[in-house]
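Novice: One structure follows; several queries about it will come next.
The values are calculated or read from the model by the stated rules, or taken from the named source; none is laboratory data. Predicted model, so just to flag it, every value in this text is computed and none were measured. Because the Cβ atoms are built from the backbone with ideal geometry, glycine has one as well, and the counts that use them run over all protein chains shown.
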């Protein structure tokens with residue numbers, strides 16, 4: 001049956017018809033929506049998206065030169081069949097080619113399912129505005145309703161009321177991330193009479209008085225937000241509502257227009273285009289004193305100058321340093337893309353015997369050779385130099401050289417099911433497990449190859 005759907009969809013596309021006008025489109029919509037329950041098809045869609053689409057739409061789908069694909073705003077139609085039609089045929093006048101000659105119909109369906117699985121924010125958002133008679137008026141009745149309808153866009157606009165005393169509510173289906181627990185955070189929330197209802201139930205206010213939070217469910221839920229102006233000053237009423245992770249280290253999405261302004265101020269993506277980029281920033285989940293190196297092949301590495309260890313490896317764009325710039329560094333920079341391993345997992349170096357614990361190191365700095373960094377440091381009495389360079393987009397080589405001393409250094413590899421490890425020495429290229437303690441003798445060199453396990 002799927003082949004019939006896809007063949008018919010292809011024929012409609014060739015004739016230039018809008019797939020939403022075809023009776024087959026609803027069947028294709030249902031089919032693509034059903035793929036969202038298949039982890040295999042979602043993973044396939046994710047891999048294909050990262051290969052082609054991420055360069056314009058961002059590895060996290062938040063947009064770049066192309067549109068944001070998570071916020072529910074679809075300029076060219078948001079039904080699954082419409083999105084598939086647009087991927088296949090493109091918009092050359094807008095700079096987006098068609099990918100029908102690159103992806104099969106089945107692959108396009110997987111891409112659409114993946115995109116829709118990452119949806120965040122409101123859908124079908126509406127509002128109701130009630131006029132109250134005084135700051136102390138808490139009686140909200142139908143007779144006080146003065147305005148209602150569909151909201152403009154997908155964000156709650158608390159600057160909308162033009163009256164002094166009011167009660168306003170926003171309501172609609174809401175999509176929270178499926179893969180992590182999140183919460184609503186109200187900035188400077190202490191004086192505000194603000195409530196959250198999820199699927200009809202009033203939610204308990206958590207967090208701190210000035211920074212209250214309300215826990216969200218994963219995925220789709222029906223969300224209602226209410227606010228009474230009370231005696232708050234007019235300039236305090238435009239609420240900053242954001243979705244964060246539970247420890248509030250990540251500001252993930254906006255629920256209000258002013259919240260979106262805050263996020264926009266915290267977006268400054270850095271990526272490596274032609275040569276490696278080296279940054280020293282506070283980075284989410286990485287310890288202090290970590291240098292980050294991004295490579296054009298979209299490999300990114302964290303090297304800690306206190307432990308002299310490789311404490312992160314990820315694929316994709318380098319980092320969003322906006323949170324670290326805005327607000328005087330109140331938030332950490334955010335790695336972009338897919339984590340391969342991250343602290344406390346790390347590639348470490350131990351002097352002595354394989355069972356010894358890592359010693360404190362002395363970091364001596366780095367130099368550039370052909371724009372690629374070479375880190376110099378000592379572990380115990382062993383003087384080492386570490387360079388790194390991607391071989392391609394799926395393989396990274398770490399070259400370690402012992403420059404002097406008579407001691408022996410052992411390498412401890414991080415455990416991850418996303419990599420296969422190989423060591424190149426005098427005997428050739430050999431695959432090793434993370435349990436293997438690879439040694440480096442004084443005055444010799446060794447190459448460690450990290451290959452993504454696909």
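Novice: If you check 219, 189, which single one turns out to be in contact with a strand residue (DSSP E or B) (Cβ under 7 Å, 6 or more places away or on another chain) and within 18 Å of residue 119 (Cα to Cα)?
Specialist: Answer to the check: 219.
Novice: While we're on this one: Would you be able to tell me the number of residues in the range 73-82 that are in contact (Cβ under 8 Å) with a residue 40 or more places away in the chain, within 15 Å of residue 33 (Cα to Cα) and surrounded by fewer than 24 Cβ atoms within 10 Å (Cβ to Cβ)?
Specialist: Result for the range 73-82: 2.
Novice: Using the structure shown, decide if residue 131 is surrounded by fewer than 18 Cβ atoms within 10 Å (Cβ to Cβ) and out of contact with any helix residue (DSSP H, G or I) (no Cβ under 6 Å at 6 or more places or on another chain).
Specialist: Here the answer is no, as residue 131 does not meet what is asked.
Novice: Of everything in the range 334-352, what is surrounded by fewer than 22 Cβ atoms within 10 Å (Cβ to Cβ) and either free of Cβ contacts under 8 Å to residues at least 60 places away in the same chain or not in a strand (DSSP E or B) (or both)? Give them in sequence order.
Specialist: 337, 339, 342, 343, 344, 351, 352
Novice: Being assigned to a loop (DSSP other than H, G, I, E, B) and either on the phi > 0 side of the Ramachandran plot or in contact with a strand residue (DSSP E or B) (Cβ under 7 Å, 6 or more places away or on another chain) (or both) is the filter here, so list the residues in the range 259-284 that pass it.
Specialist: Within the range 259-284, 266, 267, 268, 271, 272, 276, 281, 282, 284 qualify.
Novice: Among the listed residues 19, 23, identify the single one that is crowded, with 16+ Cβ neighbours inside 10 Å and either modelled with pLDDT under 85 or assigned by TED's automatic domain parsing to the domain that holds residue 242 (or both).
Specialist: Within the list 19, 23, the selection yields 19.
Novice: Could you check, for the range 46-63, whether at least one of its residues is over 25 Å from residue 418 (Cβ atoms) and either assigned to a loop (DSSP other than H, G, I, E, B) or at pLDDT 90 or above (or both)?
Specialist: Yes, because at least one residue in the range 46-63 is over 25 Å from residue 418 (Cβ atoms) and either assigned to a loop (DSSP other than H, G, I, E, B) or at pLDDT 90 or above (or both).
Novice: Okay, moving on. Identify, from the list 88, 120, the residue that is closer than 26 Å to residue 180 by Cα and surrounded by 14 or more Cβ atoms within 10 Å (Cβ to Cβ).
Specialist: 120
Novice: For the range 363-396, enumerate the residues that are over 19 Å from residue 306 (Cβ atoms) and in contact (Cβ under 8 Å) with a residue 12 or more places away in the chain.
Specialist: 369, 371, 372, 387, 389, 390, 391, 392, 393, 394, 395, 396
Novice: Can you tell me which residues in the range 227-242 are within 18 Å of residue 137 (Cβ to Cβ) and either assigned to a loop (DSSP other than H, G, I, E, B) or assigned by TED's automatic domain parsing to the domain that holds residue 71 (or both)?
Specialist: 229, 230, 231, 232, 233, 237, listed by residue number.
Novice: Further question: Counting just the residues of the range 136-156 that are surrounded by 13 or more Cβ atoms within 10 Å (Cβ to Cβ) and within 19 Å of residue 231 (Cα to Cα), which one comes out nearest to the chain's Cα centre (by Cα)?
Specialist: Checked the range 136-156; the qualifying residue nearest to the chain's Cα centre (by Cα) is 140.
Novice: Same structure, new question: Please state which of the following conditions residue 303 fails to meet, knowing it meets all the rest: (1) in a loop (DSSP other than H, G, I, E, B); (2) within 26 Å of residue 379 (Cβ to Cβ).
Specialist: Every listed condition holds for residue 303 apart from (1).
Novice: Additional query: On the basis of being assigned by TED's automatic domain parsing to the domain that holds residue 339 and either modelled with pLDDT of 95 or more or more than 20 Å from the chain's Cα centre (by Cα) (or both), does residue 280 make the cut?
Specialist: Answer is yes for this residue.
Novice: Can you tell me which residue among 322, 316 is in contact with a helix residue (DSSP H, G or I) (Cβ under 9 Å, 6 or more places away or on another chain) and at positive phi?
Specialist: 316
Novice: Enumerate the strands (runs of 3 or more DSSP E) found wholly within the range 370-454, keeping only those where 2 or more residues are at pLDDT 90 or above.
Specialist: Correct list: 372-379, 382-392, 395-404, 419-425, 445-452.
Novice: Which residue out of 230, 243, 219 is crowded, with 17+ Cβ neighbours inside 10 Å and at positive phi?
Specialist: The unique qualifying residue is 230.
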